[in-house]
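Just below is one structure, and these are the notes that go with it.
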Amino acid sequence: MVTRTIENIEFWGGDLALDFANTVEGDPPETDHLRSYADLVTWARRAGALPATVRPDGDLERARELRGALYAVFGAVAADQRPPRRALAALLRIHADAVREGTIEDGDWAWSGRHPDRPLWPIAVAAVDLLRSDRLGRLKRCANCNWLFLDRSRNGSRRWCSMDECGVHTKMRRYRAARRGG
């Protein structure tokens, strides 16, 4: 298994907001892939949320606040629970900033400038769009690593963020346990 870094972390969530929530691993969190603001910028560029020509500078406080809110909100939805009010309020605050600072160009959101929260705005907009969409019924949490993802399988039976990663590891553990027990 390849060690994940901000340069190679997978985008298995099926949505920008879920992929951002998945930049931390473990439950409780063990590995945080956003160790610096530069990591946030790198991730946002890889995800297509920030143009390569924009060079904002800031700290990770708001990014971690948004990521925590996304995980709390979507984790609750995946568990068929109501999202925590505090987490939803944090998401909506950043979404309101994105709407206030943005404009619509060619039918999509656009932002200009070097505001430190600029990498977060497309993520917050994507999160609210997902919360309001019919895709929300396909939201799941990986049975192995707890990453969030949209199940796009035909019958809605996907259990892992990635069959190649978590699915194989889970099946291998079961196989080994069965061999030891039998």
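Taking each DSSP H run with n ≥ 4 as -39500 (n - 2.57) and averaging over every residue of the chain yields -13000 deg cm²/dmol at 222 nm. Comparing 27, 108, 129 in a Gaussian network model of the chain, where Cα atoms under 10 Å apart are tied by springs, the biggest mean-square fluctuation is seen for 108.
With respect to the chain, whose longest principal axis is taken over its alpha-carbon atoms, helix 85-101 is tilted by about 40°. Each part gets one Cα centre, and for the stretch 1-29 versus the stretch 114-166 those centres are 11 Å apart. Look at the alpha carbon pairs under 8 Å that are at least 6 residues apart: their mean separation over the length of the chain gives a relative contact order of 24 percent. Loop-located chymotrypsin sites (Phe, Trp or Tyr not before Pro) across the stretch 61-148 with a Cβ neighbour count of 11 or fewer within 10 Å are lacking, with loop assigned by DSSP. Here the Karplus curve 6.51 cos²θ - 1.76 cosθ + 1.60, taken at θ = phi - 60°, turns the phi angles of the stretch 66-82 into couplings of 5, 4, x, 5, 4, 5, 5, 5, 6, x, 5, 4, 4, 8, 6, 10, 6 Hz, with x standing for Gly and Pro.
Probe radius 1.4 Å, ligands and nucleic acids ignored: give me the carbon and sulfur share of the accessible area of the stretch 27-182 as a rounded percent.
Numbers: 4350 of 9240 Å².
Heavy-atom surface of the stretch 27-182 belonging to carbon and sulfur, 1.4 Å probe: 47 percent.
Mind giving me the nanometre distance, one decimal, between the label points for residue 85 and residue 155, set 7 Å out from Cα along Cα→Cβ? That separation, rounded to one decimal, is 4.2 nm. Relative to the compact-globule estimate of 2.2 N^0.38 Å, the Cα radius of gyration of the stretch 94-169 comes out at 1.42. Normalised radius of gyration for the chain, please: alpha carbon Rg relative to 2.2 N^0.38 Å, two decimal places. Against the empirical 2.2 N^0.38 Å value, I get 1.09 for the chain. Backbone phi angles across the stretch 110-127, fed through the Karplus curve with coefficients 6.51, -1.76 and 1.60 (θ = phi - 60°), yield HN-Hα couplings of 9, 9, 10, x, 10, 4, x, 8, 4, x, 7, 4, x, 5, 5, 5, 4, 5 Hz in residue order; Gly and Pro are listed as x.
Among the GluC sites (Glu not before Pro) found in the stretch 18-112, those both in a DSSP coil and sparsely packed, with 10 or fewer other Cβ atoms within 10 Å of their Cβ, are 30. Take the stretch 1-156 with all the other protein chains still there, run a 1.4 Å probe, and you get 53 Å² of accessible area per residue.
The values are calculated or read from the model by the stated rules, or taken from the named source; none is laboratory data. Bear in mind that the values here come from a model prediction, so they are computed numbers and not experimental data. Using ideal geometry, Cβ is built from the backbone for each residue, glycine included, and neighbour counts are taken over all protein chains shown. Heavy atoms of the whole protein, side chains included, go into the accessibility calculation; ligands, DNA and RNA do not. Shrake-Rupley method; radii C 1.70, N 1.55, O 1.52, S 1.80 Å.
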